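What follows is a short report on a single structure.
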Amino acid sequence: MTAKEMTMQTITAHSDDLPTHDDVRAILDDWEYDSDEIATDAYGTVREQKKETLPWLSDLVGAEKDLEWLLQPSCSIDALMPCPVVEQPGCATLHHSPLITTLLSIYTVLVGWFEDRALKHHFRPSAYAECFLWAFKDCDYLHEIMTEGLQPLTMTELPFLLRDLKQRLATFHQATQSSACRERRRYLARKRDHNRRAANQLMEGLFERNAKLLVIRVDLGYTEYAAPYMDASMARQHRQRLCKAFQQHPLFTRLLGYIWKLEYGEYKGFHYHLLLFFNGAEVRQDIRYAQRIGEYWNITVTKGDGVYFNCNYLAEERYHDNAMGLVTYHDAKKRKGLTHIVNYLTKIDEYATLTVRGDNLGHSQSPKPHRGLDAKRLGRPRRHASPA
C-alpha cells in the first residue's frame with residue numbers, strides 16, 4: 001500500500017464515522033463554549049461577553065440520548081415500584097425510578113428551552129423531542145416536580161397518575177412511529193450526510209492538490225449592543241459581503257476554500273463559525289491572519305457592530321483535538337480534528353434546527369480531482385506514510 005493510500009484510509013475511517021451523542025457533547029465542551037467569554041471588537045478591545053447561562057445545546061444532546069432510551073421496550077410504567085413514605089402512612093413516591101428520573105430530566109430540558117425561553121422563536125426541536133412535547137408538555141405531575149420538588153402521593157392518587165403516565169408514554173411511542181416523525185428524521189439524516197460528504201470532499205480535494213494547508217478558524221458575531229437587533233437576514237447579508245471579499249480582497253489572495261456555519265445563542269444572538277483553508281506553502285502566521293480577518297469583519301463588513309474570537313490563538317492549549325494552524329497532508333491527528341469539526345457542524349441540526357430562511361451551513365466548491373498520471377501536483381513529493 002502506498003503512503004497516499006495509507007493516509008486516505010486513515011482519514012476516510014474518521015470521516016465515515018458518525019459521532020455519537022457522547023462524542024458531540026465532548027466536542028461541545030472542547031470547542032463551542034470558549035468563545036462565549038471573550039471577543040475582540042472593532043476598536044481592538046477585548047470584551048467579556050455574557051456567557052450563556054446553561055450549555056443548552058449540550059442539554060439537548062443529553063435529552064436526545066434519553067429519548068432514544070425511552071423508546072426501549074424495558075421502559076414500562078407497569079414496572080414502576082412506588083416507595084412508601086415512612087413519615088406519611090398511606091403515601092408513596094416514585095423518586096427511585098430511573099424511568100421517572102429520565103422523564104423529568106427530558107421534560108425539564110425541553111420545556112425549559114423550547115417553551116419558557118426565547119430560543120423557541122429560533123429553533124425547532126428534534127423529531128423525537130417534538131413527539132415528547134406533544135405527549136408530556138401539559139403533564140401536571142412532571143411540572144409540579146420541576147417547580148416544587150417531589151411530593152408524596154396518596155394511594156388513591158397513585159393509580160390515576162400511573163394510568164396517566166402510561167397513556168402519555170404510549171402517545172409518545174405512537175408519535176415516533178408516525179410518518180411525519182420518520183420522514184423528518186430521514187430528511188435531517190439526508191441533509192447531514194450530504195453536507196458531511198461535501199465538506200469532507202472539499203478538504204480531501206484541497207489536500208489532494210496541496211501538501212500543506214493553513215487552517216484558520218474565527219468565530220464572528222456581534223457586540224452585546226448590536227446582537228439583539230441583528231436578525232438572520234442581516235447576518236446573511238454580512239456573511240455574503242464577507243464571502244464576496246474572498247474573491248476580491250488582497251487578504252484572501254491565497255485562500256483555497258472555506259466552510260461556514262450560522263448558529264444562534266440566547267445572549268450572543270446570530271453568529272458564524274468560519275473555517276478557512278489557505279495555501280500553507282505560501283501563508284504563515286495563522287494567528288495574525290485570523291486577527292486580520294476578524295478585524296475585517298468588525299470594521300469593514302459590520303461597520304463597527306462586529307466582534308470576533310481568534311480560535312487559532314493558543315489553540316494547542318485550548319482544544320483537545322486541535323485542527324488549526326499548519327496542517328500537512330500526512331498529519332493524521334490534525335486531519336482527524338478537522339473531520340471532528342465537520343461532523344459536529346453537520347450533525348448539530350438534528351438536535352435543534354435553526355428556523356431561518358436559506359441554508360445555515362455552506363462551503364466553497366470542491367476542487368476538481370486530478371486526472372491522469374501526468375496531472376500536476378502541488379507541494380513537495382509525498383515520501384512518508386501518515387502516522388497511525
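Quick notes
- Spin-label model distance (nm) - D140 vs S179, 7 Å beyond Cα toward Cβ: 3.7 nm
- Grouping the Cα pair distances of the stretch 254-315 into 5 Å bins from zero gives a pair-distance distribution of 4, 15, 23, 28, 19, 8, 3, 1, 0 percent in increasing distance order.
- Spatial extent of the stretch 118-236: Rg and Dmax, with the Cα atoms as the point set, Å: 23.2, 74
- Values of log10 I(q)/I(0) for the chain across q = 0.12, 0.13 Å⁻¹ run -0.97, -1.08, by the Debye formula with one identical scatterer at each alpha carbon and no solvent.
- Measuring nothing but how far apart in sequence close Cα pairs (under 8 Å, 6+ apart) lie, relative to its length, the chain scores a relative contact order of 25 percent.
- Of every Cα-Cα pair in the stretch 56-177, the percent that sits beyond 27 Å: 18 percent
- Largest GNM mean-square fluctuation among T346, T156, T20, using the chain with Cα springs under 10 Å: T156.
- As a rough guide to protection, the peptides 170-180, 131-141 ranked by mean Cβ packing within 10 Å, highest first, stand as 131-141, 170-180.
- Each principal axis of the Cα cloud of the stretch 106-146 was evaluated for its coordinate range; sorted largest first, these ranges are 28, 19, 13 Å.
No value in this document is a laboratory result; all are computed from the given coordinates. Source: prediction; values computed, not measured. Ideal geometry is used to build each Cβ from the backbone, glycine not excepted, and the neighbour counts take in all protein chains shown.
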